[in-house]
Amino acid sequence: MSFNRKEQRTTRHRRLRQRVQGTAERPRMAIFISNRHLYVQFIDDLAGRTLAATTSGTAVKGCNLATAKQVGALAAEAALAKGLRRVVVDRGGFRFHGRVKQLVEAAVSGGLKITNDAAPAAEVTK
């Protein structure tokens, strides 16, 4: 069975989401890249709420490496304004290089701490 690129990314994202879960103390930094914009949301999966969000449409146009750096800095600024310091990255099925890598590195240099630890067993709800 042949899948197109969008279906392949969605499959990778579903597989990734089995391991990544956000909490109020350590929200999930969900990244999405469209053809025109970059989107970042900080999500508490346990409560089902978006705590903070930013997009390239609010400040800059385009979807290149320079834009990714600016959106990463804006995302860190938005998260810190809401009191979020530790996050876990959800790359959305995209490879961790190029725009995704630039965005995450800019967020880290903006003051966010990226944690790779899985959610504790008590927090995981299935």
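Summing charges over all other residues whose Cβ lies under 14 Å from the Cβ of Lys6, with Lys and Arg as +1 and Asp and Glu as -1, gives +3. Across the chain, the relative contact order, built from alpha-carbon pairs under 8 Å that are at least six residues apart, equals 28 percent.
Dividing the helix sum by the residues of the chain, where each DSSP H run of 4 or more adds -39500 (n - 2.57), gives a mean residue ellipticity at 222 nm of -10500 deg cm²/dmol. When you filter the trypsin sites (Lys or Arg not before Pro) in region 1-57 for DSSP loop state and at most 10 other Cβ atoms inside 10 Å of their Cβ, you are left with Arg36.
Throughout, read-outs are computed from the coordinates displayed, never taken from laboratory work. Everything quoted here is computed from the prediction, not taken from an experiment. Note that we place each Cβ from the backbone using ideal geometry, even for glycine, and neighbour counts take in every protein chain shown.
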